[in-house]
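What follows is a single structure, written as structure tokens, with notes after it.
The values are calculated or read from the model by the stated rules, or taken from the named source; none is laboratory data. Bear in mind the structure is a predicted one, so any value in this text is a computation, not a measurement. Because the Cβ atoms are built from the backbone with ideal geometry, glycine has one as well, and the counts that use them run over all protein chains shown.
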Amino acid sequence: MRSQTMLATTQSHAAVRIAFVLANKDAFRLNCNLGTVELEAVEAPQDIADLLNLIEQHFKFTKSTVADRILQSWPEAISQFVKVMPTDYKRVLIERAKHDEEVESGVHGVDGR
């Protein structure tokens with residue numbers, strides 16, 4: 001029997017996409033190019049909200065029985081998903097956040113000047 005996989009993606013900056021995949025995490029890890037992406041748990045409140053919205057929209061437009069089953073078992077179903085984050089995009093987000101913090105601290109005179 002083939003394992004069932006559901007993929008939901010969010011639009012990010014430019015053409016970069018973050019994916020949420022419903023799959024056996026161990027099997028998925030074996031079939032994933034870990035040189036270009038990182039696999040993460042879906043834990044951040046914004047990620048959980050994005051994932052729920054994607055599944056609700058998917059169900060609304062397709063009446064998918066898989067989506068319905070996930071929604072019926074929400075929030076327990078969250079643990080069945082893995083977040084697929086492109087490593088280059090994650091690096092850019094970290095650098096941007098660091099830059100924003102530096103700018104913010106300079107704007108408020110906290111930088112020791």
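Tabulated values for the structure
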| item | result |
| --- | --- |
| Meets criteria (under 12 Å from Gln80 (Cα atoms), over 9 Å from the mean Cα position of the chain (by Cα) and not hydrophobic (A, V, I, L, M, F, W, C)) for Asn24 | yes |
| Tally of residues being more than 18 Å from Asp88 (Cα to Cα) and at pLDDT below 75 across region 1-43 | 8 |
| Near pairs, Cβ below 9 angstrom, 6+ apart or cross-chain, from region 40-51 (without any contact (Cβ under 8 Å) to a residue 40 or more places away in the chain) to any residue that is aromatic (Phe, Trp, Tyr) and loosely packed, with under 15 Cβ neighbours inside 10 Å | none |
| Positions within region 67-78 being over 16 Å from Ala49 (Cβ atoms) and either of a type in the set (Phe, Trp, Tyr) or touching a Leu at 6+ places or on another chain (Cβ under 8 Å) (or both), in sequence order | none |
| All positions within region 16-39 that are within 19 Å of Val66 (Cα to Cα) and without any contact (Cβ under 8 Å) to a residue 24 or more places away in the chain | Asn24 |
| Filter result (charged (D, E, K, R) and modelled with pLDDT of 95 or more) within region 44-62 | Glu56, Lys60 |
